[in-house]
Structures are given as structure tokens and as C-alpha cells.
Amino acid sequence: MPVLNTAPPTFIRFGKFIIISWIATLILTLDAPAQAASTPDFKFGSMVNPQDHSPARGVRPLLVILLQARPGQGVTPTLTHDSTYYERRLFGPGYPNVADYFKANSFFMTSTALRGGRGMNWHKAAIIGPFIDTTPPSTKTDPEAAKKENSNRRFSSIKGIAATHGFDFGHYDRNRDGTVSEAELGILVIDNFSHIGGVTSANPGCIDVARPAGGVISVCSAVSFIGEDTNIATFAHELSHQLGTIDLYGTNCLSKNLSLMSCTAANDLFLSFLDPWHRSRLGWLKPRLFRLDRVGTAYLSEPSNGYEDAYNNGPIILYDPSHGPREYFMLEYRARQRDKANQPYGYDADIPRNGVVVWHIKTDTDGNLLSIPDRIPDRLNHKCGEKNDQGIYHTSTAIMGKRLQENTIQQPTRLSGIGLSCGKVMSAVVISPGGQGRPNRWGGSLPWTPRSGPFFLKWLNNANTGYGQDTGMRFRIYDMNRKGARVRWDPR
């Protein structure tokens, strides 16, 4: 009898334990990343400089050269600002400055972490000039062709100009191999050939220049050119190209105000973080992974240095194993970093509004973004010229001219369609969906909020020209506040 009386309670207690454990496991599963055993390769940390293949780590010296156009060839007679002005914009002290922008985006704020090689920052090697441009002028008769050739020549000649004026590149040959690489020194040129805008050659080739004490050294550093009144965002945009980033323009500045790699050339002070795809490829961020063929939920925090080593509540990747790692969605929460007086205090201050941004990403097998055929009417499309012009944008084009002026802060893009063209420099990373009244369109510049209701996402079709199969999931955003929001996905 004693045995019969004790057995049932033991079984009941054991059964309750199983049920409680099952419930706890279910709850944790809804808010837990996919298991590591089935994790595909999303190429985290694989974005490097295209020439020396250096990762965006540590503290990188930056040579700043002030270059003045020959008389009558600049937009102003002389440079408008002096070296002190540009030093503050680039290195501080004071907010905002470019060096602190890169600190904030790489999420490793302490000097210890930077020396450890995971974070990234620029520091001043020297600011020299202004020097008169001595680049041999083009002899081409066509004005546009001459302008293009002069610009290309400056990428090489600027190194010789700096050496002629006494800058010793050899001090930055850290490994003493007779070559100064991108990882050893970056070069930024500020000139009065334009007021705003910029252009970068991340792979300009190597040029032999003389050293003050004799001998020569090969300088392979990347070079960025910036107009004299360019805003902070364009400084950061062009310097990021020296790390391997790509442009995300589209025909109509898609993703403007939501990624540094969209259009930034303007007179206004514009502050926006890099998109999470770039941050993860640069190795500055490791998104949590969730499967789209399962019900799930996740809490998203605003981007800040609070992610630290654990990447707590940062962006997430939603993927379907049947699609693999080549097409997926990335979700992040963004909040305007402004105080009660609407004054900026952070480096993500000028996004349109608080909410969840959904990025639709499609890549090749190496993780590089695919180019999507342009869906904007031809009369509004950026015209690509020769093959070597693809991806080069001039201020007279639709992208950096009139269309940019119409696409101001707080205003969604006016055209439906993704608008991606001109070769691999364009991207399949877009805001999806975006704009009011178009719940499934590509493009746009507004994050989702709880007031938007549920939203639905579709894959691209096989030709990458439009929508294909529906993901089969509906998404809802709730519990949103200044610091973050929760998103849930389940079958329709």
C-alpha cells in the first residue's frame, strides 16, 4: 500500500515539470535566434578595402590636403575655410565630427577596444595646405570629357603634390615594405572645385613619390575629394568608401535619411547611421538570426553604443532556409536622437521619424548586393554613359540634382519602384515597404510604426524585376517607445 500511495504524486509532479518546461521552451523559442547548427553564412565582417583587402578595424591615420583651384577655375577664388575649421569637423573637439561618427557606428567606443582591433576610427596624420592644384590640365576639347580627365588625374597627382610640399609618406609605411597601403594611411582632399559633393577612388593605383631625405616610396592609399562646404555626412560617406562601402542611391535617392550610403550631398547638416547591412559586413555589428518559416518575435533597440560586445537587441535577420542566405530581410529600430528642443545630440538625428526599418536584401554567393533593373520611367532615370561611367554620379544628374532637392527630410520618395541601375554599385538593399498608402512597394524613406498596422513582405521574382512569392507571414509592431519596439511575425 505505501508504494501505491506514493507513485501517483511522483508521476503528477513529473508531468507538471514536463508541461512547465514545454511552455518555457515555447516562450523562449519565440524570442530566440535560429540554432547555430542550421545557420547559413551571411558574410559578416567580409567587407574590406578593394585594393589591400584590409578590414575596417583599429585606428587609421588620415592625411587631409587643402587644395585650391587655379585662378578662375574654382567656385570661389580661394578656399572658404581654414585648416582649423576642417580639423574640428573631422576630428573635433565638439559635436558633430567625423571621427566620432565612425566611433558611434562601429559600436566600440573605448580606446582599449579600438586598440584591440574590432572597432574603427580615423585620427589626424596631418592637415596640410592650401596648395595650388598643379595637375597637368586635360587637352580634350569637350568640356565634360576634360572635366572628367582632370578629376581622374588628380587622384594620382595629389600624392605628388603633397610630397613636393614636404609630406613624408614613408613615416606611414608601418611594415617597412616600401609601400603605403590603404590600411596604413587614408587621404582626404578638400578643394574649391565645388561647394558640396564628393568622389572617392578606393583603388586608385600606386604612385611612386619622393621622400624629403631622398629615395622614393610607393603610395597606394585611397583618395577622397570633398567640396569646401560639404556637410558632415558626405565627409563620412566618402571616407567610408575607403573601407569598401557601396552607394545605395537608386534613381530617386531611395533610403535617404536612413543610410549614410544614400544621397548625402546637400547644404544641410545631415546625420544618419550606416544601414545595418553595411555595419554587419564591415564587422561592426552581428545581427540576431530568425527563421521566417516559424512564428517568432523579437525586441529591437535603437542603434547606439549600447549594443557593445553582446549586440543586445540590435537588428535581426529574417531568412527562409529554402531561400538560403542570398535573399533575406533585415529589421532594425531607429529613433531620432534629438532632445526636447529638437536639437540633435547623436549621430542618427535626422531620420524621418521613429520606427522599424525593413531592409530587403538580395546578394550573390559572395554576399555582394545584386543590381536590380530600374523601374523608374526612363525620362526620370539616371543616364549611364560608357561602361567606365557606371556608378559615377555628377551634380547635374537626376540623382544629385533636382530629384535630391525634392526628396527632403520628412518626405517619402514620390515614385514607386526600386530604381536601381548602373551596374553592381547599385543595391538590392531597400526600405520595404515605405511611403504611406503603398504597403507593399519598394523604396520609400519612412520607418514603420504601430499605427501602420500589419504589413506583408514578398520575395523578388527570379528575374529580379518585381515581386515574386509572398513570405506568407504578417508582421506587427507593438510596445514601441523612445528606446525600441517589438516585432512579431506569424502566418497570415
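Determine ³J(HN,Hα), in whole Hz, for all residues of region 190-200 in sequence, where each value follows from phi through the Karplus function 6.51 cos²θ - 1.76 cosθ + 1.60 and θ = phi - 60°; x replaces Gly and Pro.
Values per residue, Gly and Pro as x: 10, 9, 10, 6, 8, 7, 10, x, x, 8, 10 Hz.
Not counting ligands, DNA or RNA, and with a 1.4 Å probe, what is CYS206's accessible surface area in Å² rounded to the nearest 10?
The value for CYS206 is about 70 Å².
What ³J(HN,Hα) values, in whole Hz, does the Karplus curve 6.51 cos²θ - 1.76 cosθ + 1.60 give for region 149-163 when θ = phi - 60°, with x put for Gly and Pro?
Result, ordered by residue: 5, 4, 5, 5, 5, 5, 4, 8, 5, 4, 5, x, 4, 5, 5 Hz.
Using only the heavy atoms of the protein chains and a 1.4 Å probe, how would ASP177, ASP348 rank by accessible area, largest first?
Working: ASP177 90, ASP348 0 Å².
I get ASP177, ASP348, largest accessible area first.
Can you pull the Kirkwood radius for region 56-106, inverse mean 1/r over Cα pairs, to one decimal in Å? If you can, show how the numbers build up before the last one.
On the way: mean 1/r = 0.0769 Å⁻¹.
For region 56-106, the Kirkwood estimate is 13.0 Å.
As a test of understanding, state the convex hull volume per residue of region 166-303 from its alpha carbons, in Å³.
Taking only Cα atoms, region 166-303 has a hull volume of 164 Å³ per residue.
Among 133-140, 293-300, 220-227, how do they line up by average Cβ neighbours within 10 Å per residue, starting with the highest?
By packing density, highest mean first, the sequence is 220-227, 293-300, 133-140.
Of the cross-linked pairs LYS458/LYS483; LYS103/LYS483; LYS103/LYS458; LYS286/LYS362; LYS103/LYS286, which ones have a Cα-Cα span greater than 24 Å in the structure shown?
Details: LYS458/LYS483 28 Å; LYS103/LYS483 20 Å; LYS103/LYS458 35 Å; LYS286/LYS362 18 Å; LYS103/LYS286 16 Å.
Long pairs (Cα-Cα over 24 Å): LYS458/LYS483; LYS103/LYS458.
Which one, PRO143, GLN242, ALA265, projects farthest toward the positive side of the charge dipole computed for region 139-268 from Cβ point charges (K/R +1, D/E -1)?
Toward the positive end, the furthest listed residue is PRO143.
With charges set only on the Cβ (+1 for Lys and Arg, -1 for Asp and Glu), what does the dipole of region 92-212 come to about its Cα centre, in debye to the nearest 20? All intermediate terms of the calculation are to be shown ahead of the outcome.
Working: 13 positive and 12 negative charges, 53 e Å.
Here region 92-212 has a charge dipole of around 260 debye.
Within region 114-224, what is the number of lysine pairs with alpha carbons under 21 Å apart, leaving out pairs fewer than eight places apart on the same chain?
Working: LYS124/LYS159; LYS140/LYS148; LYS147/LYS159; LYS148/LYS159.
The number of close lysine pairs in region 114-224 is 4.
Check SER262: other-chain or 5+ apart residues with amide H under 5 Å from its amide H, H built from backbone geometry?
Distant-sequence amide H within range of SER262: LEU248.
How charged is the neighbourhood of ASP100? Take every other residue with its Cβ under 12 Å from the Cβ of ASP100, and add Lys/Arg as +1 and Asp/Glu as -1. If you can, show how the numbers build up before the last one.
Values: positive: ARG88, ARG89, LYS103; negative: none.
Value of the local net charge: +3.
How much of HIS81 can a 1.4 Å solvent probe reach, expressed as accessible area in Å² and rounded to 10?
Its heavy atoms expose roughly 50 Å² to the probe.
The values are calculated or read from the model by the stated rules, or taken from the named source; none is laboratory data. As the structure is a computational prediction, the values presented were derived from the model and not from experiment. Here the Cβ is made from the backbone with ideal geometry for all residues, glycine too, and neighbour counts use every protein chain on show. Quick note on the areas: whole protein, heavy atoms, side chains included, nothing else; ligands and nucleic acids left out. Shrake-Rupley method; radii C 1.70, N 1.55, O 1.52, S 1.80 Å.
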